[in-house]
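Asker: Take this structure first; my questions come after.
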Amino acid sequence: MIFIQNMVTIAHLAEKLVSDKPFLQEALFRKIINYQSLAEELQPEIEKELKKKVKATTIMISLRRYADKLEERYLKKIVFGPECDLDMKSKIIELSVKKSNSLFSLVPKMFSLIDFEKGGILNFTNGNFDVSIVTNEKYKDEILELLKKETIIETNVNLVALSFRYSKEFRQIPGVLHQTIRVLAWENVNIIELIETMTETIFILNEDDSLRAFKVLQNLIKQ
């Protein structure tokens, strides 16, 4: 009975230590990590928490069980299929603007500039202190002219909008967004901004990351 209780405690601590480190969790999920080395790495911290010596083999057992749980939770539950689609638009910019009442009065004028039927983009993300505006590079000068009395915090250029489309049923599945962000993070893709609708997630990325990100999400769909 004492051995079983110890195993439960060790398992709990091992899971907590791994879950606090997303990239370590990802490596465990993919089963590309050396269990012995990881167990020895976690051993001092687990022993410190339990205030006693713990065998590395016992920690290894806990890690293998946790890897199986991760596979069950993420791999078998979320299956992307042919109803999902990817689309990418280049020459995108992002403007971060200090929030103000006058800024919102300019929104209708900004929308009047955009030709949506020819692929125009205009998205607003409203934060507590600033507003992010994502649009096509060709509208940059006209929008900056409208914003000349506003405080521009930052301007990001040479971006792409990578759109991941899916059916609305996917919103009811826990972990879908985590799954897409997780694979991008694993490939060291930096997400500048994230825009979501009922059937679409748009990743705003640097151009340098765009092809790698497209390939990673394409592989996720094929799986």
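So that you can scan it fast, the table gives a plain yes or no per residue for (1) of a type in the set (S, T, N, Q); (2) in a strand (DSSP E or B); (3) in contact with a helix residue (DSSP H, G or I) (Cβ under 9 Å, 6 or more places away or on another chain):
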site	(1), (2), (3)
Pro108	no, no, no
Gly120	no, no, yes
Asn128	yes, no, no
Tyr139	no, no, yes
Leu144	no, no, no
Val157	no, yes, yes
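Asker: Take region 159-182 and flag every residue that is among the basic types (Lys, Arg) and not in a helix (DSSP H, G or I).
Answerer: Arg165
Asker: Ok, one more. Which condition does Met198 not pass, out of (1) touching a residue at least 12 places away in the same chain (Cβ under 8 Å); (2) not in a loop (DSSP other than H, G, I, E, B), if it passes all the others?
Answerer: Condition not satisfied by Met198: (2).
Asker: If I filter region 97-108 for residues that are under 26 Å from the mean Cα position of the chain (by Cα), within 26 Å of Thr199 (Cα to Cα), surrounded by 16 or more Cβ atoms within 10 Å (Cβ to Cβ) and assigned by TED's automatic domain parsing to the domain that holds Phe203, do I get at least one hit?
Answerer: No, there is no match, as no residue in region 97-108 is under 26 Å from the mean Cα position of the chain (by Cα), within 26 Å of Thr199 (Cα to Cα), surrounded by 16 or more Cβ atoms within 10 Å (Cβ to Cβ) and assigned by TED's automatic domain parsing to the domain that holds Phe203.
Asker: Specify which of the listed residues (Gln179, Gln172) is of a type in the set (S, T, N, Q), under 19 Å from the mean Cα position of the chain (by Cα) and surrounded by fewer than 12 Cβ atoms within 10 Å (Cβ to Cβ).
Answerer: On inspection, the qualifying residue turns out to be Gln172.
Asker: Can you pull out every residue in region 188-218 that is farther than 19 Å from Leu95 by Cα, surrounded by 13 or more Cβ atoms within 10 Å (Cβ to Cβ) and of a type in the set (D, E, K, R)?
Answerer: Within region 188-218, Glu200, Asp209, Arg212 qualify.
Asker: Checking the structure you have, find out if any residue of region 132-153 is over 15 Å from Lys99 (Cα atoms), buried (at least 17 other Cβ atoms within 10 Å of the Cβ), β-branched (Val, Ile, Thr) and over 20 Å from the mean Cα position of the chain (by Cα).
Answerer: Checked region 132-153: at least one residue is over 15 Å from Lys99 (Cα atoms), buried (at least 17 other Cβ atoms within 10 Å of the Cβ), β-branched (Val, Ile, Thr) and over 20 Å from the mean Cα position of the chain (by Cα).
Asker: Could you list all residues from region 30-72 that are in a loop (DSSP other than H, G, I, E, B) and either farther than 22 Å from Gln179 by Cβ or touching a strand residue (DSSP E or B) at 6+ places or on another chain (Cβ under 8 Å) (or both)? Reasoning before the result, please.
Answerer: Initially, region 30-72 is screened for residues in a loop (DSSP other than H, G, I, E, B), giving 31-34, 51-55.
Asn34, Lys51, Lys52, Lys53, Val54, Lys55, listed by residue number.
Asker: Separate question: Considering each of Thr199, Thr180 in turn, give the residue that is closer than 12 Å to Cys84 by Cα and among the polar types (S, T, N, Q).
Answerer: Thr199
Asker: If you don't mind, another one. Is it the case, given these coordinates, that Lys138 is within 20 Å of Ile92 (Cβ to Cβ), touching a strand residue (DSSP E or B) at 6+ places or on another chain (Cβ under 8 Å), in the same structural domain as Lys89 (by TED's automatic domain parsing) and basic (Lys, Arg)?
Answerer: On the way: within 20 Å of Ile92 (Cβ to Cβ): yes; touching a strand residue (DSSP E or B) at 6+ places or on another chain (Cβ under 8 Å): yes; in the same structural domain as Lys89 (by TED's automatic domain parsing): yes; basic (Lys, Arg): yes.
Yes, satisfied.
The values are calculated or read from the model by the stated rules, or taken from the named source; none is laboratory data. Just so it is clear, the model here is predicted, and its values are computed rather than measured. Because the Cβ atoms are built from the backbone with ideal geometry, glycine has one as well, and the counts that use them run over all protein chains shown.
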